[in-house]
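A short write-up of the structure that comes next.
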Amino acid sequence: NLIIGGTIGGGIFFIKIDTSGNLLSSKTIRQTPLFFVDPRFSILPDSGLMAGAVVSSLPNYSSALLRLDKDFNVIWGRYYSYDIFFRDLVSDTSGTVICGDKTTGINLFKVSPFGNILWNKRYDFGRDVQCRFINKTFSNEFLIGGKIDNFNLPYFVGGFLIKADFEGNNLWSRIYFPGVPELFNSTNLTNNRFAIYSIHPYYNSFNTTMF
């Protein structure tokens, strides 16, 4: 089965379809007066979901995390007031790691299967950054990537990567410009290598780079 998620009217919707595209179930989650933006989700071993989103009650915003069962019913919800934009998440049996950004840095924090914060890390680049993805590697490390802007001369738009260990400690970080303008997803390969998908914001082009 395939699960699709998105936003509609300030809520989050989920649709489950079979391999032939037939609708199996659907649900929309709303929590007025909050607005959910740009949701992402991970499928858990029990077929439930861990869903995250930016939650806004203007002018304030924070990160939301919802634990759902296999029928998209909310088991619990948590709201984390770190004043960051939620971007992506990855889950396993030990918990969920959430990636977000605020001005010149990336925030990474892990919560338990019940939403309790286990650790919180920040990686500062000194430039405007936006996290686009977080993935877990075969070696139980985390790969975080996205876009970086330098608004002071010399102006540029580039991509960045962070590799962190299982506890969120920075193993290395790199800025790639101009060859890899904006990184937006990754795929694990054999021999601890990975492929990064990037997009050029000005030329409407994309490419794949192997690391």
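What follows draws every value from the coordinates through simple rules; no lab data is involved. As the structure is a prediction and not an experimental result, all values here were calculated from the model. Cβ: placed from backbone, ideal geometry, glycine included. Neighbour counts: every protein chain shown.
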Kindly give Rg over Rh for the range 2-55, based on alpha-carbon atoms, with the Kirkwood expression for the hydrodynamic radius. 1.00
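What are the equivalent ellipsoid semi-axes of the range 1-150, built from the alpha-carbon gyration tensor (square roots of five times its eigenvalues), in whole angstrom, biggest first?
Here the semi-axes work out to 25, 18, 15 Å.
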Hey, rough spin-label estimate for residue 117 and residue 73, points 7 angstrom out along Cα→Cβ, what's it come to in nanometres? 3.1
How far, in nm, would the chain grow between residue 93 and residue 124 when pulled straight, counting 0.36 nm per residue and subtracting the alpha carbon separation? 8.3 nm
Restraint check, 16/147; 16/163; 121/147; 16/136; 16/102; 70/147, Cα-Cα greater than 29 Å: 16/147; 16/163; 16/102; 70/147
If I model a spin label as a point 7 Å beyond the Cα along the Cα-Cβ vector, how far apart are those points for residue 22 and residue 104 in nm? 5.7
